[in-house]
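*Asks:* This is the structure I have questions about; it appears just below.
The values are calculated or read from the model by the stated rules, or taken from the named source; none is laboratory data. Given the structure is predicted, the values throughout are model-derived calculations rather than measurements. When we count neighbours, we look across all protein chains shown, and the Cβ atoms used for this are built from the backbone with ideal geometry, even at glycine.
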Amino acid sequence: MLHVFATIFAALLGLAFGSFLNVCLSRWPEDESIVHPRSHCRSCKRTLTSWENIPLLSWLVLRGRCRTCHAPIHWRYPLVEAAVALLWALAVWRSDQASFPVEFAVGMMFLLWILVALAALDAGYLWLPDFLTYPGIAFGFCWWVVQRTQIDFALHDRWTPEDLKRVGQRLLGILLAAALIVVIRWIYWLFRRQEGIGLGDAKLMALLAAWLGLPGALLSFFFGVVLGALVAVPLILTRRAATAKLPLGTFLCIGGIVTSLWGRQIIATYLTWAGF
């Protein structure tokens, strides 16, 4: 029963943090403060009342339009709020499978929030800001170290040489994940003599490897490529591919979300099927 209440609380908290994320997504690209001024209509600049700031519900009650000027409120607002709420609930619900569920859940909630933010920014602006990716890499690596330290001290009451080897492997995995995108970017430039993939995608892959390990990052990359192909094929068939710019970062983030929640089961199923 406590687990159910924790999941419901995570969903409600996710609505609140999803609403805050919407403020960030509206103001970061305009280089505006996320603190001042208070939430307001982007069209008529009227400050919103308290009931107009209720996550998800306000958008539904207002039918997606400003109460004063009737300007449309972008569907991104309820989508981001609902996504963060659902993902946080799933993270907490599945955390009972972890050795240290509280620490695991908090880390996964942080990762999912960043991935939703990066997915929205890349979809809307083709922008993966360093102020999200670099701290995300650092926090992800530290979170993994804390998880490993808790497990090791529970088993051995100390760090072992094998633990130091794992740290080195983790750091190498982060570098290799970023290098994958850099190599693809370089090969594309050799053939087309133009930039096809931004370095922000390389930093995003490093972030995924910091949190999910190299296998998790590669699985995220696989899902991202498949999603990108599904979007690109209709564009090619309608001859719009030459002018369209696909947000690879958005697809990688979606792949990262799937991997963070179900990656271990997917990888284990694949290894069993492949006979490993």
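*Asks:* Do we have L121 as assigned by TED's automatic domain parsing to the domain that holds L252, under 22 Å from S39 (Cβ atoms) and either surrounded by 21 or more Cβ atoms within 10 Å (Cβ to Cβ) or not charged (D, E, K, R) (or both) here?
*Replies:* On the way: assigned by TED's automatic domain parsing to the domain that holds L252: yes; under 22 Å from S39 (Cβ atoms): yes; either surrounded by 21 or more Cβ atoms within 10 Å (Cβ to Cβ) or not charged (D, E, K, R) (or both): yes.
So L121 fits the description; yes.
*Asks:* Can you say whether S19 is among the small types (G, A, S), farther than 30 Å from T149 by Cα and over 21 Å from the mean Cα position of the chain (by Cα), as far as the supplied structure shows?
*Replies:* Details: among the small types (G, A, S): yes; farther than 30 Å from T149 by Cα: yes; over 21 Å from the mean Cα position of the chain (by Cα): no.
Criteria not met by S19.
*Asks:* When you scan the range 73-82, do you find a residue that is within 18 Å of G256 (Cβ to Cβ) and within 20 Å of the chain's Cα centre (by Cα), even just one? Can you show your working first?
*Replies:* Within the range 73-82, the subset within 18 Å of G256 (Cβ to Cβ) is 79-80.
From what's left, within 20 Å of the chain's Cα centre (by Cα): 79-80.
Looking for residues that are within 18 Å of G256 (Cβ to Cβ) and within 20 Å of the chain's Cα centre (by Cα), one finds at least one in the range 73-82, hence yes.
*Asks:* Within the group L227, L208, which residue is surrounded by 13 or more Cβ atoms within 10 Å (Cβ to Cβ) and farther than 16 Å from L111 by Cβ? Break it down into steps so the answer makes sense when it comes.
*Replies:* Values: L208 fails: farther than 16 Å from L111 by Cβ.
Every option except L227 fails the conditions.
*Asks:* Just the residues that are within 23 Å of Q147 (Cα to Cα) and among the aromatic types (F, W, Y), please, taken from the range 164-218.
*Replies:* W211, the sole residue that qualifies.
*Asks:* Here are some residues: G173, G140. Which one is touching a Leu at 6+ places or on another chain (Cβ under 7 Å) and more than 29 Å from P29 (Cβ to Cβ)?
*Replies:* On the way: G140 fails: more than 29 Å from P29 (Cβ to Cβ).
Just a single option satisfies the conditions, and that option is G173.
*Asks:* Give the residue that is surrounded by the fewest Cβ atoms within 10 Å (Cβ to Cβ), with candidates limited to residues of the range 53-103 that are over 19 Å from R42 (Cβ atoms) and of a type in the set (D, E, K, R).
*Replies:* Here the answer is D96.
For (1) closer than 17 Å to S220 by Cα; (2) of a type in the set (D, E, K, R), each residue gets a yes or a no:
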position	(1), (2)
D122	yes, yes
L128	yes, no
Q169	no, no
Y188	no, no
L204	yes, no
